[in-house]
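Novice: Dropping a structure here in structure tokens format, bear with me for questions.
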Amino acid sequence: MGRRIGVAPRLAEALGIVLGTDEIPMRLRAWDGSEAGPPGAPVIDFRSRRGLRRMVWSPNQLGLSRAYVAGDIDGAGDIFESFSTLSSVGKFTEVKAFRPPTFGERVRLVRTAVRVGALGLPPTPPPEEMNVTRSGRKHSKERDAAAISHHYDVGNEFYALVLGPSMVYSCAVWEDETVGLDASQEAKLDLVCRKLGLRPGMRVLDVGCGWGSLALHAAQNYGVDVVGVTLSKEQADLGQKRVSDAGLADRIEIRVQDYRDVDDGPFDAISSIGMAEHVGAHQIGNYASHLYGLLRPGGRLLNHAISWNAGEMPPDPDSFIPRYVFPDGEMLSLTAMIEALESAGLEVLDVEALRRHYGLTLRAWVHNLEENWDEAVRLTSEGRARVWRLYMASSALGFERGLNGVNQVLVQRSGGEEPPLRRRDWM
């Protein structure tokens with residue numbers, strides 16, 4: 001009798017079809033105990049036949065993501081090493097969306113599933129997945145509210161585990177790699193306040209205020225009054241409690257409100273930190289114009305946003321990030337963002353690139369999650385914790401490789417006092 005072939009070599013062939021490569025630089029371990037792939041390479045565990053079934057029905061990034069979130073496949077060891085290795089081959093090296101398998105490749109996938117007993121109906125997507133297209137017109141107020149709720153209303157205690165005491169969910173500013181996350185987030189908050197030229201008595205709007213960390217820092221350290229707006233009720237609830245506990249309820253107002261509904265300007269300064277990514281390319285001009293209209297003459301706006309640095313990429317609603325992390329999120333190029341701000345009548349004073357800083361921030365968040373894994377799972381679900389682990393680790397590598405950037409663009413409305421001649425006011 002011939003030697004029985006284990007499942008792992010067949011899985012390697014199937015995964016190669018999905019990834020678009022003949023050589024898988026990973027070691028695969030199958031549910032029958034068999035293994036295939038280079039010894040010493042990072043390991044992918046296929047815990048059940050359902051992982052392969054997901055790839056057969058969705059032979060793309062979404063199928064792989066579903067399998068990981070559901071726990072059908074898992075990686076052993078350092079997730080950064082595993083993801084870096086996996087993303088170094090085949091379709092993962094391409095900026096554009098996955099090329100779908102050919103008819104012949106699909107036949108081979110089905111044949112493999114039959115041979116290992118994995119053929120069947122499509123598995124139900126993990127409950128952490130969201131199809132936001134069911135919520136109405138893209139970037140309508142109702143659909144944006146649903147998208148924000150999906151991402152942010154997963155429990156303030158969970159976010160506290162990941163973000164740490166600062167409760168700041170955007171790129172920190174690191175003096176060097178050793179200073180730590182909390183100090184770096186404090187430095188970022190203060191840098192924003194200094195760039196905006198905050199002084200006692202000013203009225204400030206914080207668009208996408210999160211849990212109120214910037215509002216608290218600005219009121220406590222610069223003597224300003226702040227209006228913060230967010231679409232997340234859970235963020236607003238905790239933000240309001242933090243404001244009350246700090247004794248600043250007369251200085252800070254946290255609202256559940258769409259930025260498009262803010263009509264009680266003028267404001268002396270506006271901060272928008274990690275919020276413009278939710279606006280969308282077709283709305284970015286209206287976003288810039290609306291904020292311009294809320295600024296007093298001479299007032300400054302700081303727009304802090306992730307940028308897409310890798311050229312044209314058609315949106316793919318069936319990839320991991322839109323389905324699990326940021327429904328309807330869109331990263332614009334720095335050029336597009338500046339064009340929108342300038343077209344609204346705002347003068348660019350300063351642009352600061354913080355790409356490397358976000359890689360450090362994301363690695364710190366992954367460390368926090370992994371250090372508190374059991375508690376994170378208890379507070380949400382194992383699937384939710386897996387979503388965040390995959391999202392933050394892959395994003396860190398994206399920033400480190402230069403696919404993504406993050407930029408603070410400081411602009412000013414004309415008609416008031418002139419900006420300083422040099423940057424020393426905020427450096």
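The values are calculated or read from the model by the stated rules, or taken from the named source; none is laboratory data. If you're wondering where the values come from, they're calculated on a predicted model, not measured in any experiment. Cβ atoms come from the backbone with ideal geometry, glycine included; neighbour counts cover every protein chain shown. The protein model used for the area step is the full one, side chains on, heavy atoms only, and it has no ligands, DNA or RNA in it. Shrake-Rupley method; radii C 1.70, N 1.55, O 1.52, S 1.80 Å.
Novice: When the gyration tensor of segment 240-345 is built from Cα positions, what are the square roots of 5 times its three eigenvalues, in whole Å, from largest to smallest?
Specialist: 28, 20, 11
Novice: Just by accessible area at a 1.4 angstrom probe, what is the order of Met427, Met202 from largest to smallest?
Specialist: Putting Met427, Met202 in descending order of accessible area: Met427, Met202.
Novice: Net charge around Arg300, counting only other residues with Cβ within less than 9 Å of its Cβ (Lys, Arg = +1; Asp, Glu = -1)?
Specialist: It works out to a net charge of +1.
Novice: Given points 7 Å out from each Cα along the Cα-Cβ axis, report the Met427 to Thr335 separation in nanometres with one decimal.
Specialist: 2.8
Novice: If you don't mind, another one. Collect residues whose amide H, placed 1.01 Å from N in the peptide plane, falls under 5 Å from the amide H of Leu332; neighbours closer than 5 in sequence don't count.
Specialist: Trp308
Novice: At 37 °C and 0.692 mPa s, what whole-number value in µm²/s does Stokes-Einstein give for the translational diffusion of segment 303-375, with Rh from the Kirkwood sum over Cα pairs?
Specialist: In µm²/s, the coefficient is 217.
Novice: So which residue, out of Ser88, Ser271, Ser170, gets the largest mean-square fluctuation from a GNM of the chain using Cα contacts under 10 Å as springs?
Specialist: With Cα springs under 10 Å in the chain, the top fluctuation among Ser88, Ser271, Ser170 is at Ser88.
Novice: With every protein chain kept in place and ligands, DNA and RNA left out, what is the accessible area per residue of the chain? Probe 1.4 Å, answer in Å².
Specialist: For the chain, the solvent-accessible area averages 44 Å² per residue.
Novice: Compare Val179, Val279 by solvent-accessible area with a 1.4 Å probe and give them largest first, with all protein chains kept in place.
Specialist: Sorted by accessible area, descending: Val179, Val279.
Novice: Okay, next question. Under 24 Å between alpha carbons: how many lysine pairs meet that in the chain, if sequence neighbours fewer than 8 apart on the same chain are excluded?
Specialist: Summing the qualifying lysine pairs gives 5.
Novice: Rounded to the nearest 10 Å², what accessible area does Ser395 have for a 1.4 Å probe in the complete protein model?
Specialist: 20
Novice: Shifting gears a bit: Using only the heavy atoms of the protein chains and a 1.4 Å probe, how would Ser414, Ser58 rank by accessible area, largest first?
Specialist: Highest to lowest solvent-accessible surface, that is Ser414, Ser58.
Novice: For segment 164-237, compute Rg over Rh where Rg is the Cα radius of gyration and Rh is the Kirkwood radius from the inverse mean 1/r over Cα pairs.
Specialist: Reported Rg/Rh, Kirkwood definition of Rh: 0.98.
Novice: May I pose another question? Kindly provide the helix-only [θ] at 222 nm of the chain, computed as the sum of -39,500 (n - 2.57) over DSSP H runs of four or more divided by all residues, to the nearest 500 deg cm²/dmol?
Specialist: -12500 deg cm²/dmol
Novice: Net charge around Trp426, counting only other residues with Cβ within less than 9 Å of its Cβ (Lys, Arg = +1; Asp, Glu = -1)?
Specialist: Local charge sum for Trp426: +2.
Novice: Report the residue, chosen from Ala336, Ala269, Ala281, that carries the largest GNM mean-square fluctuation when the chain is represented by alpha-carbon nodes joined by springs under 10 Å.
Specialist: Comparing Ala336, Ala269, Ala281 in the GNM, the peak value goes to Ala336.
Novice: Further, regarding this structure: Can you list residues whose amide H is under 5 Å from Leu295's amide H, if they're 5+ apart or on another chain and H is modeled 1.01 Å from N?
Specialist: Placed amide hydrogens put Phe267 under 5 Å from Leu295.
Novice: Using a 1.4 Å probe on the protein chains only, how many percent of the accessible area of segment 191-328 belongs to carbon and sulfur?
Specialist: The computed percentage sits at 52.
Novice: Would you list the P(r) distribution for the chain, with all Cα-Cα distances sorted into 20 Å bins from 0 and each bin expressed as a whole %?
Specialist: Taking all Cα pairs of the chain, the binned fractions are 25, 53, 20, 3, 0 percent.
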